[in-house]
1. Going residue by residue through the range 59-73, is there one that turns out to be over 28 Å from residue 139 (Cα atoms), part of a strand (DSSP E or B) and over 20 Å from the mean Cα position of the chain (by Cα)?
2. For the range 76-95, what are the residues that are under 24 Å from the mean Cα position of the chain (by Cα), farther than 20 Å from residue 137 by Cα and part of a loop (DSSP other than H, G, I, E, B)?
3. From (1) surrounded by 15 or more Cβ atoms within 10 Å (Cβ to Cβ); (2) more than 29 Å from residue 136 (Cα to Cα); (3) modelled with pLDDT of 90 or more, pick out the condition that doesn't hold for residue 169.
4. Given the residues 210, 233, 175, 195, which is the only one that is more than 20 Å from the chain's Cα centre (by Cα) and surrounded by 14 or more Cβ atoms within 10 Å (Cβ to Cβ)?
5. Test each condition in (1) crowded, with 20+ Cβ neighbours inside 10 Å; (2) more than 19 Å from residue 260 (Cβ to Cβ) for residue 202 and report the one that comes out false.
6. Could you list all residues from the range 236-255 that are over 18 Å from residue 273 (Cα atoms) and either surrounded by 13 or more Cβ atoms within 10 Å (Cβ to Cβ) or touching a strand residue (DSSP E or B) at 6+ places or on another chain (Cβ under 6 Å) (or both)?
7. Test each condition in (1) over 23 Å from residue 112 (Cα atoms); (2) in contact with a helix residue (DSSP H, G or I) (Cβ under 8 Å, 6 or more places away or on another chain) for residue 67 and report the one that comes out false.
8. If a residue has to be exposed (fewer than 13 other Cβ atoms within 10 Å of the Cβ) and without any contact (Cβ under 8 Å) to a residue 12 or more places away in the chain to count, how many in the range 80-126 make the cut?
């Protein structure tokens, strides 16, 4: 079995290695180990991933956090090849990030057990990573570049637990919930959500209850309250204007929904977040 060493992988002074490759049965990655962590995801197609003796099928949007202790290989399926992006970096980088930010983390590179962390990304997150590939590839491979990328990746996948749950359900529902972050959608209520999903309101509501345990109204109001809270923290709009932007026609209704979501009124929420300048 091949063993890749970080010291042999990069040029002097480089703090990470990045590659995007289209692979098929002729040039798929053979079984190997490495003395460094790496994260890779499937941009297109599907591949058979064998890791620590267990094989699984990876599809477009799947991302894998390979630990230094893992051995793995990739092979194209008989039906099609695949496009993969791989980002590797020295173990010392991960050790520093763990000690400073994630001392008790059990996800991603720090998952315990025989298999590494594997999760599925929404199309919006896949596009977000695509922008990062361009930034990293154009960079000077500095330590700062890889540190920022990893922290942004962990924050994107971990800090917003509600966004994490958006990947559950059929693709049309995942896409619809991603679009629900757009004020043009949530201000239109459940009917606008249904149109963005390309399904009836009843179908969307039933699917949300099945996959997320919430109604369409609850999903819309959650998106509205996230927007309202951001505007109250950092925006300058009047509360009545925020109310209308959210799609509410009644200020009292907006106050009632906001207080139920945050435990306080919009006015008190804004005041509490502007203590330093008042």
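The values are calculated or read from the model by the stated rules, or taken from the named source; none is laboratory data. The structure displayed is predicted, hence computed values, not measured ones. Glycine gets a Cβ as well: all are built from the backbone with ideal geometry, and neighbour counts include every protein chain shown.
1. Yes, the range 59-73 contains a residue that is over 28 Å from residue 139 (Cα atoms), part of a strand (DSSP E or B) and over 20 Å from the mean Cα position of the chain (by Cα).
2. none
3. Answer for residue 169: the failing condition is (3).
4. 195
5. Here residue 202 clears every test but (1).
6. 243, 244, 245, 246, 247, 248, 251, 254
7. (1)
8. Final tally of qualifying residues: 9.
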